[in-house]
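The values are calculated or read from the model by the stated rules, or taken from the named source; none is laboratory data. Since we're looking at a predicted model, the values are computed, not measured. Ideal geometry is used to build each Cβ from the backbone, glycine not excepted, and the neighbour counts take in all protein chains shown. Note: accessible area is taken over every heavy atom of the protein model, side chains too, but ligands, DNA and RNA are not part of it. Shrake-Rupley method; radii C 1.70, N 1.55, O 1.52, S 1.80 Å.
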Amino acid sequence: MAKLFSVGFWETIARLILRNRTVIIIALIASTILLAKQWDKMRFTYTEANLLPDKHEVNIEYNAFLEIFGEEGNLIVLGVKDPSLFTVEKLNAWNQFSNRFKDFEEVETVVSIHDLQKLVKNESKQKFDLKPFIKDSISSIEQINKLTDELFNKYPFYDNFLFSAASKTIRTAIYLKKDIVNTSARKDFILNTLIDEVKAFEESTNLDVRVSGMPYIRTLNSQVIVNEIGGFIAAALGITSLIFFFFFRSFRATFISMFVVIIGVMWTFGILGLLEYEITVLTALIPPLIIVIGIPNCIFLINKYQHEVRKHGNKAKSLQRVITKIGNATLMTNVTTASGFATFIFTKSKLLQEFGTVASLSILAIFVLCLLIIPIIYSVMPMPKDKHLEHLNKRWINTFVDWMEKMVKHKKITIYASSLVLLIMSIIGIYQIKISGSLIEDMPSNSDFVNDVRFFENEFNGIMPLEIMVDTKRKKGVMKLATLKRMNQLEDLIIETPELSKPISVVSLVKYSKQAYYNGNPKYYQLPTSQENNFILSYAKKSSTDVDMLKNFVDSTGQYARITTFMKDVEIEKMERIEEDLRSEISKVFPEKGYDVSITGKAYLFQKGTYYLVKNLILSLSLAILLISLFMAYMFRSFRMIIISLIPNILPLLITAGLMGYLGVPIKPSTILVFSIAFGISVDDTIHFLAKYRQELQANHWKIRKSVYAALRETAVSMFYTSIVLFFGFSVFIISSFGGTVALGALVSATLLFAMLANLILLPSLLLSLERSIANKEVLKEPNFRIIPEEDKNLDS
């Protein structure tokens, strides 16, 4: 290892790069073309983000449910709340509009007001017949009055399914074919057919049609992600290039840097295609991240080149020193940044594993591209002119550095007191953080489809499916009266829960059968008594319609039943209370020996996934801290130095977490990423400072104070430049319409700003305060992982 990262190693690398420019350029072009050919393998995700590992208990239960009842997220609902709908012309138009969807091959079935049937007792044949509420079309207002009276007052079976008796809202249910729900056919149907049909109907009737359901929400959400990728990349390129030009005042340097990061983005898309990963809300963030992280590499390399040119005017020597002096430090910083992302690989969540893999590989790729392309391009270009070097002597930067040096020299007590106050305030804020398991909180809050979700929540008590599966452990056990009564008792609790909609199950169908047996009298909408059960069920068994309706609620063996309810998009604390109440009732009502009852569904899966991610946040952040600690141990062989290096990086994370508590930003899948990402990036400044500090110690015969001030002056400018680029670079995510992405950008930007100040003010102060303790040369003896001494002390200036 010592030889691998020695001066000789990097000198060899420099010779290889500068003597084999043509071969390297050809290799880079070939690699870029090969990766570009992988782009056609990229695909946008057509499924929800499953945050849990495949073998997690909740996932196993959900997959068992799907195996028995099939895909449950195939329902799209269309709704209208408008008194003018109840006119002959508009109600007929609504029914015709709903029926048109039956002709599309993507649709399995459509259930609208027009399709509703009455169960009617046929005494002669001792079975139930079906009689439609609406025979062909409506011809008079009297028919509408009769229809609304029957639906809203006499047939509770359909209430809260196709209409809300309380608010007079009407809706149509469109069930997509289950085999297209997780394919591009679903997207094409919704974007190219459903939306156009809805718009045409709205224009012709002047009715406001609300659309929702998991397939619809997922499709429009994915479309927003697709639309934002280009915007993120353009914004990241625009803002970083402007800042870069402001610092360097050189079009040439700016264009070279932009060229490098654009190649890096092309490689990122190639890696996504090569690994055949889907583009999700997380992997969509990686291309702009690569731009933001790649630009600091360019700053360090170009800044060093210009310093060398100004010093001795020898281009070949300058380029060689860029690689030998900056290569090692840049490698270290990129490895630590990649490590921050790579920790997500250990979470066992497929979504985060893919994000961590692509991000860490892309960061290492952008390091290689910067190290190869920038020296080679500058080797064939003319020497920088004096105007290109003017930025090296900016007065305002010198003023900033002087202020920091003054603070470190004379205001250490103030620095420590401020840090302590911030720490205490942050800890108080951390205790106010809440966890959010909201499925739609991160979706574009002002979009029509999110507003439609809120509409259906208000009118029908929810749109997020929550399923309860009852295993009776014996064939035909579901239709036993004892089982039905137990299920009914559980449904009573669901009805009493304001966050849940009225449940749909075989119990409702049996109640409807009893009502039909008693000639449609609504007061008999209840479970039959043991005496009534046999002859009512004998009617039902002879009715093929009942059998068809049963198959949605009971499996073919009669062993499994499902209770479907829809949940409001509630806070995770409320969901926990609901789950606790349900499980308590289940344990009371269903004996373990005779029944196995599980709670599942998309909404439940997402809630559990959020909790799982919170636990893994601690794991990934701990891994990141461990990796950096090992790295510092390699550099300094000192436990005190490990602690000193971690304090200025952990404090900004605590401050950010405290801000989240005060500002009401919850812990959720998007904000969970902030800490590991910010830590992996912010520790770069620590490495640059300590690497330079160690070189100064060697050059100044282990004089701590002199070395600290020298390191501060040398590294401050580049640390300031890169931190500003990172701050504004991550800020581009604030333009997102996704609340989670906005929070991610703002929080990472704030954390990196705090980290820069901590590394430039708190870290030097800590080193000076521990001067006596760490002044022992043996503590700082040459480690295996060698930091290259730099004679001219211009590593980071």
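A few remarks follow.
- Shown here for region 128-236: trypsin sites (Lys or Arg not before Pro) in loop regions (DSSP other than H, G, I, E, B) with at most 11 other Cβ atoms within 10 Å, namely LYS135.
- Spatially close Lys pairs in region 549-699, defined by Cα atoms under 24 Å apart and a spacing of eight or more places or different chains, total 14.
- Hypothetical label at SER538: residues of region 491-531 whose amide nitrogen lies under 16 Å (7 Å Cα-Cβ projection): 514, 517-518, 529-531
- Cα-only Debye scattering, region 442-580: base-10 log of I(q)/I(0) at q = 0.10, 0.18, 0.20 Å⁻¹: -0.41, -1.04, -1.18
- Backbone N within region 208-243 under 19 Å of label point (7 Å from GLU89 Cα along the Cβ vector): 208-209
- Extended-chain gain in nm, criterion 0.36 nm per residue less alpha-carbon gap, ARG15 and LEU481: 159.3 nm
- Using only side-chain charges placed at the Cβ, +1 for Lys and Arg and -1 for Asp and Glu, the dipole size of region 608-735 relative to its Cα centre rounds to 320 debye.
- For the chain, the longest principal axis of the alpha carbon atoms and the long axis of helix 395-410 meet at an angle near 90°.
- Note on VAL224 and GLU67: their simple-model spin labels are 3.6 nm apart, each label 7 Å out from Cα toward Cβ.
- Surface composition of the chain: carbon plus sulfur atoms hold 58% of the accessible area, using a 1.4 angstrom probe and ignoring ligands, DNA and RNA.
- Taking the DSSP bridge list for the chain and keeping only pairs wholly inside it, about 90 percent are antiparallel.
- P(r) of the chain over all Cα-Cα pairs, binned every 20 Å from zero, in whole percent: 14, 39, 26, 16, 5, 0
- Per residue, the chain exposes 41 Å² of accessible surface when a 1.4 Å probe is rolled over the protein heavy atoms with every protein chain present.
- The Kirkwood radius of region 580-723, taken over pairs of alpha-carbon atoms, gives through the Stokes-Einstein law at 25 °C and 0.890 mPa s a diffusion coefficient of 129 µm² s⁻¹.
- Taking the centroid of alpha carbons for each part, region 617-689 and region 275-352 are 18 Å apart.
- Cα shape, region 75-174, gyration tensor, a/c 1.5 rule: oblate
- Pairwise inverse Cα distances across region 687-768, averaged and inverted, put the Kirkwood hydrodynamic radius at 13.9 Å.
- Debye log10 I(q)/I(0) for region 1-159, one point scatterer per Cα, at q = 0.08, 0.13, 0.20 Å⁻¹: -0.58, -0.95, -1.30
- Among 80-90, 620-630, 445-455, sorting by the average number of other beta carbon atoms lying within 10 angstrom of each residue, highest first, gives 620-630, 445-455, 80-90.
- Helical mean residue ellipticity (222 nm; -39500 (n - 2.57) per DSSP H run of 4+; nearest 500) of the chain: -20500 deg cm²/dmol
- Taking all Cα pairs closer than 8 Å and separated by 6 or more residues, the relative contact order of the chain comes to 19 percent.
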